[in-house]
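Visitor: Here it is, the structure, as structure tokens.
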Amino acid sequence: ARWGHGAALVADVNGDRYITIVGGKSDATTGYLASLEYAAVDDATGLIAAPTVSGSTPLPAGRAFFGLGIETTETVSAYGDGTRLFVIGGVDISGAVFDLVSTEVSTGGGNEAPVSHTVMGQSGPIAGPQCVITGDKLFVVGGGSVASDTAVSSVTDTARDMPFDSVDGSIDPPMQSAANALTSGDRALGAAVIGSGFIYFIGGSSDGTDALATTEKTF
């Protein structure tokens with residue numbers, strides 16, 4: 001059981017697809033998880049196999065309410081086959097954090113050893129950010145600088161981005177503040193979806209106590 005986790009549909013270098021579940025919490029307060037689980041997807045039926053942690057490598061520390069970016073050749077032109085996941089910010093036992101950790105999906109659905117990346121230009125911790133990777137950049141939008149076991153506060157509307165290297169697809173600091181802020185106000189814990197050339201930021205909370213019914217669109 002877990003909540004406050006991240007999940008993504010990924011593919012290994014052979015094109016086999018898996019659902020990968022990352023981090024989260026195992027109970028209402030503490031119980032931060034560093035583990036990753038994955039389940040094979042049957043392309044013909046859409047059914048998934050039983051999830052497993054066999055062969056996967058955990059995050060450096062347990063966390064929840066983080067941003068999850070998905071790097072593929074469609075989102076970063078210089079990246080090859082397969083999928084790389086980026087975990088951004090979140091909440092751990094100390095409160096809101098900011099660091100950037102990546103892990104590649106290995107053949108068979110597991111993941112390679114996570115790599116921690118130096119982040120220059122990031123102003124501080126961020127919990128519950130909306131994150132996407134598209135157009136050769138990682139975007140970190142909104143989120144809160146203060147967090148407890150069950151709440152995120154000091155929410156912002158700002159957006160930052162970090163480019164990927166045009167030769168090998170690796171992340172290429174620093175984090176920049178050139179991205180446009182949200183137009184409808186502060187937002188954390190929303191869902192970020194890419195489709196039809198647009199980015200959609202759906203729902204979330206503006207202050208950690210309310211729930212938003214709005215969606216923003218950008219490109």
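Visitor: Give the share of C-alpha pairs in each 10 angstrom bin for segment 1-43, from 0 to the last occupied bin, in whole percents, shortest bins first.
Guide: Result, from short to long distances: 29, 43, 21, 6 percent.
Visitor: Using the Kirkwood radius over C-alpha pairs as Rh, can you work out the diffusion coefficient of segment 62-219 via Stokes-Einstein at 25 °C, viscosity 0.890 mPa s, in µm² per second?
Guide: Answer from the Stokes-Einstein relation: 157 µm²/s.
Visitor: Take the chain, connect every pair of alpha-carbon atoms lying under 10 Å apart with a spring to form a Gaussian network, then pick out the residue of 188, 178, 78 with the largest mean-square fluctuation.
Guide: 178
Visitor: Hey, another quick one. Quick one: dipole size for the chain, taken about the Cα centre, charges +1 on Lys/Arg Cβ and -1 on Asp/Glu Cβ, in debye to the nearest 20.
Guide: It comes to approximately 400 debye.
Visitor: Continuing with this model, one more query. Report the normalised scattering of segment 1-136 as log10 I(q)/I(0) at q = 0.11, 0.19 Å⁻¹, calculated by the Debye formula with identical scatterers on the alpha carbons.
Guide: The calculated log intensity ratios at q = 0.11, 0.19 Å⁻¹ are -0.38, -1.11.
Visitor: When the accessible area of the chain is computed with all protein chains present and a 1.4 Å probe, what percentage of it is carbon and sulfur?
Guide: Exposed carbon and sulfur together represent 54 percent of the surface.
The values are calculated or read from the model by the stated rules, or taken from the named source; none is laboratory data. Just so it is clear, the structure is predicted and the values come from calculations on it, not from any experiment. In this analysis, Cβ positions are derived from the backbone assuming ideal geometry, glycine residues included, and neighbour counts consider all displayed protein chains. SASA here: full protein model, heavy atoms, side chains in, ligands and nucleic acids out. Shrake-Rupley method; radii C 1.70, N 1.55, O 1.52, S 1.80 Å.
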